[in-house]
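What follows is a set of notes on a single structure, which appears directly below.
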Amino acid sequence: MTDQEICTIRPGGPDDAPAVLRLLDSATAWLVARGRTGQWGTEPASTDPRRIAQAEAWAAGGGLHLALLGDVPVGALVVGASTDYVPAATEPELYVNLLVTARAYAGLGIGARLLEHAAELARARGVGLLRVDCYGGDDRALVRFYEGCGFTATDPFTVARPGREPWPGQVLARRLD
């Protein structure tokens with residue numbers, strides 16, 4: 001990133017749900033263009049009532065943080081409690097529920113910066129464990145991304161999806177102490 005493109009991070013709020021949906025739509029289109037439809041499917045999040053409600057809940061829930069270049073949202077992070085489809089932590093944790101970045105800015109370290117922000121939030125809360133889950137299928141590129149950011153793969157899992165292929169997931173953890 002150049003000095004003119006320093007990524008800032010700010011807390012999100014209810015008005016930021018459309019920005020989250022735009023980021024998800026952009027990432028989904030990028031994945032589809034590469035034939036990688038297993039992670040988020042083929043349809044834009046902004047046309048799926050379930051995903052719209054999810055983005056609105058994230059935006060209103062207090063755990064949303066947006067990465068900005070200038071005033072343009074280029075990434076979103078949602079932290080909070082773990083989802084019910086992953087093994088529960090055995091100690092206090094902060095869980096990354098969403099990490100998505102604008103593909104037009106790939107390679108600038110925005111995702112890694114958002115994950116470091118999550119670690120800072122966890123430390124500020126006195127929590128020594130940061131966990132995330134991600135798509136563990138295809139070539140496991142996303143798993144390798146998180147490993148490159150200091151996470152260690154822990155528990156693989158599968159989400160059953162009636163009428164569709166099961167979704168292979170991977171939990172990763174990062175110790176902060």
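One residue stands out among those in region 46-65 that are assigned to a loop (DSSP other than H, G, I, E, B) and touching a strand residue (DSSP E or B) at 6+ places or on another chain (Cβ under 9 Å): the one that is surrounded by the most Cβ atoms within 10 Å (Cβ to Cβ), which is 63. Would you check if residue 17 is surrounded by fewer than 18 Cβ atoms within 10 Å (Cβ to Cβ), modelled with pLDDT of 95 or more and hydrophobic (A, V, I, L, M, F, W, C)? Judged against the criteria, residue 17 is not a match. Take the conditions charged (D, E, K, R), closer than 23 Å to residue 28 by Cα and open to solvent by 20 Å² or more (accessible area, probe 1.4 Å) and apply them to residue 138. Does it pass? It is true that residue 138 is charged (D, E, K, R), closer than 23 Å to residue 28 by Cα and open to solvent by 20 Å² or more (accessible area, probe 1.4 Å). Residues that are closer than 15 Å to residue 67 by Cα and either modelled with pLDDT of 95 or more or aliphatic (A, V, I, L, M) (or both) within region 1-14 comprise 1, 6, 8, 9, 10, 11, 12, 13, listed in sequence order. Annotation note: Cβ proximity below 7 Å between a residue of region 132-147 that is in a loop (DSSP other than H, G, I, E, B) and a residue that is open to solvent by 70 Å² or more (accessible area, probe 1.4 Å) and not acidic (Asp, Glu) (sequence gap 6+ or interchain) occurs for 136/156. Give me the residue from region 122-155 that is over 17 Å from the mean Cα position of the chain (by Cα) and of a type outside the set (A, V, I, L, M, F, W, C) and, out of that set, modelled with the lowest pLDDT. Looking at the filtered set, the residue picked out is 138.
Output the residue which, of all residues in region 78-115 that are in a helix (DSSP H, G or I) and open to solvent by less than 50 Å² (accessible area, probe 1.4 Å), is farthest from residue 59 (Cα to Cα). Of everything passing the filter in region 78-115, 112 is farthest from residue 59 (Cα to Cα). Just one of the listed residues (42, 47) is without any contact (Cβ under 8 Å) to a residue 12 or more places away in the chain and more than 16 Å from the chain's Cα centre (by Cα), and it is 47. Screening 157, 151, 145 for residues that are closer than 20 Å to residue 85 by Cβ, surrounded by fewer than 18 Cβ atoms within 10 Å (Cβ to Cβ) and of a type in the set (Phe, Trp, Tyr) leaves exactly one candidate, 157.
Considering the conditions (1) modelled with pLDDT under 95; (2) of a type in the set (Gly, Ala, Ser); (3) part of a helix (DSSP H, G or I), residue 163 is excluded by exactly one of them, (3). Looking only at region 160-177, residues that are open to solvent by 70 Å² or more (accessible area, probe 1.4 Å), out of contact with any Pro (no Cβ under 7 Å at 6 or more places or on another chain) and among the small types (Gly, Ala, Ser) come to 1 in all. Against the numbered list (1) free of Cβ contacts under 8 Å to residues at least 60 places away in the same chain; (2) closer than 24 Å to residue 159 by Cα; (3) open to solvent by 40 Å² or more (accessible area, probe 1.4 Å), residue 36 comes up short only at (1).
The values are calculated or read from the model by the stated rules, or taken from the named source; none is laboratory data. For clarity, every value in this text was computed on a predicted model and none was experimentally measured. We place every Cβ from the backbone using ideal geometry, glycine too, and count neighbours over all the protein chains shown. Each accessible area value is taken on the protein alone, full model and side chains, heavy atoms only, with ligands, DNA and RNA left out. Shrake-Rupley method; radii C 1.70, N 1.55, O 1.52, S 1.80 Å.
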